[in-house]
């Protein structure tokens, strides 16, 4: 570092603890940059968090990328409006902040960098030179907060329409439609919106023609059966060959992170089911675990087993839809109808346990909504007998078909290095030969107590290997479910803790203190201590996580939802350039995404 940079940092930051020296990565950082280059924030996230001046961001990022066991994946990047945060605990002065969540596979550890920004200087260097997938994350952060990333290749709207005014995740941006003037649409406004949807190749560095060829530009979507939702891809074509493409997202945006700022900790649970709407209870898991960290709640063993059981049921349900629609994209129809029949068996079991089917909203802070009903084990046992033979049928009749294999093997390939560079997780990453499954590497909800294998590929991820890994994952989920069936413990279905679900009705009717507690829990919601927490899980389509900031109130100050589908779609152009349009359709089918998971 130069003397001027050191001087700026000595003025800007204070080294508040010697505890950080115990961490080997922190020690290396201090040895290289000096002890006063950062502020070390202590949280409940479970990994180091440092605040640094933006002038050091690139240097620190390169340092972490070049360690002997590097922080090789940019897992997440987003912002926080710090302006009305009450309990900042001597954090560096900031009106806004940008956080960078990095993962080291070799260390199996995380590291977070935060950059404080003042309102009159909302700019920070782009990290696209270090991590390819920083592109979309930086665009979304600008879209939601108005933070500028210097030298970003194309800093434009990504979630909101190009004509949108304002930045929705700022605290001074209204959270309810009723706070705004009534919406109306006339011909003039419609024309402006339609003009904003026009694709201009030059803005993306594309040429309309070269010396020999005049390129064709084709809109695939946003309403197209092969796009798997409201998703648009603009293709630059030379005949049937894809020269380049631009994925266009945002058509499914619902503002789930904004909604979290006006819902109590309990009342937000139903929203989590709908983040990845095929995953059901799987989506509730990282949220409730993050809240339980904030509240210092430990749950009974029975709760952990029930949560694992429900998660694996929904994993199978989601995988069945993925496998059958992949087969449909390649050209076969029958497996879709058969898979939906099998999925109904799972929904019948889910409904018998929770009372709902697709979105049960059944996990609770400190437990689950109710105890298991009589006969649940009979239904589960019947399903465990039924499913394996059906899965073999799918493989034999469709997935071993020579036409399907020729259409998908060796198509849309990438290796481990490329997968990590783009933030790929789940089956797409494991198909490259990397055995990374959060249930094994970072067990949660008692997953360390289960015996199961993690299917991995042979080194190159292609369309066929990705779908076959999902088939094997269903077999492993069935093994886990069998262990849940055989080893379901006795005991309560929720924790006895004042911040967990409201007390039982009998106690409420007999005890005034309990009635008051019930009234406050239901009306205002529990008051959680100020802190930050984080939880990642192995979701149906990759790693899903919740990063929560509590300001000591009944609602979240900031809820960041990192979903797997978002980086997976960002990777599309790098993988599919030079391929045929027909290859793109197969590739999209092999990704396993839903747009609710992308747009949130």
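If a spin label sat at a point 7 angstrom from the Cα of residue 582 along the line to its beta carbon, the backbone N atoms of the range 320-354 nearer than 20 Å would be those of 325-334. Compute log10 of I(q)/I(0) for the range 102-204 with the Debye formula, placing one identical point scatterer on every Cα and leaving out solvent, at q = 0.13, 0.21 Å⁻¹, to two decimals. These q points yield log10 I(q)/I(0) values of -0.67, -1.23. Normalised by residue count, the range 161-233 yields a Cα convex hull volume of 163 Å³ per residue. In this calculation the C-beta distance from residue 487 to residue 511 is compared with R0 = 45 Å, giving a FRET efficiency of 0.80. Spin-label model, residue 344/residue 357: points 7 Å from Cα along the beta carbon direction are separated by 0.9 nm.
Across the range 150-201, the volume of the C-alpha convex hull divided among the residues equals 107 Å³ per residue. Going by neighbour counts of Cβ atoms within 10 Å, the residues 169, 384 line up, fewest first, as 384, 169.
Annotation: extensible slack from residue 208 through residue 523 equals 107.5 nm (criterion: 0.36 nm per residue apart, minus Cα-Cα distance). Distances longer than 21 Å among the Cα atoms of the range 226-377: what percent of all pairs is that? Summing the P(r) of the range 226-377 above 21 Å gives 57 percent of all pairs. In a fully extended conformation the segment linking residue 296 and residue 184 would gain 35.6 nm over its present Cα-Cα distance, using 0.36 nm per residue. In percent, rounded to a whole number, the relative contact order of the chain is 16, using alpha-carbon pairs under 8 Å and six or more apart. On a per residue basis, the convex hull of the C-alpha atoms belonging to the range 3-150 measures out at 116 Å³. Measuring from a point 7 Å past the Cα of residue 218 along Cα-to-C-beta, which residues in the range 246-271 have an amide N at less than 18 Å? Answer for the range 246-271: 246-248.
Per-residue packing, averaged as other Cβ atoms within 10 Å, sorts the ranges 134-143, 243-252, 396-405 into the order 134-143, 243-252, 396-405, beginning with the highest.
Computed over the Cα atoms of the chain, pair by distinct pair, the Kirkwood hydrodynamic radius stands at 25.6 angstrom.
Extension gain, residue 406 to residue 69: 0.36 nm times the residue separation minus the Cα-Cα distance gives 117.5 nm. Of all DSSP beta bridges confined to the chain, the antiparallel ones make up roughly 90%. With the simple model of a label 7 Å out from the Cα in the direction of the Cβ, residue 24 to residue 121 spans 3.6 nm. Pairs of alpha-carbon atoms within less than 8 angstrom and 6+ residues apart define the contacts here; what relative contact order does the range 3-150 have, in percent? 20 percent.
Suppose R0 equals 51 Å. What FRET efficiency, 1/(1 + (r/R0)^6) with r the Cβ-Cβ distance, do residue 44 and residue 157 give to the nearest 0.05? Result of the calculation: an efficiency of 0.90.
Per residue of the chain, the DSSP helices (runs of n ≥ 4 H) give a summed -39500 (n - 2.57) that works out to -11500 deg cm²/dmol at 222 nm. Descending by average beta-carbon neighbour count within 10 Å, the peptides 329-337, 533-541 line up as 533-541, 329-337, the highest first.
Here, each number is a calculation from the coordinates, and none is a lab measurement. Computed from a prediction, not measured in an experiment: that's the story for all the values here. With ideal geometry, Cβ positions are generated from the backbone for all residues, glycine too; neighbour counts draw on all protein chains shown.
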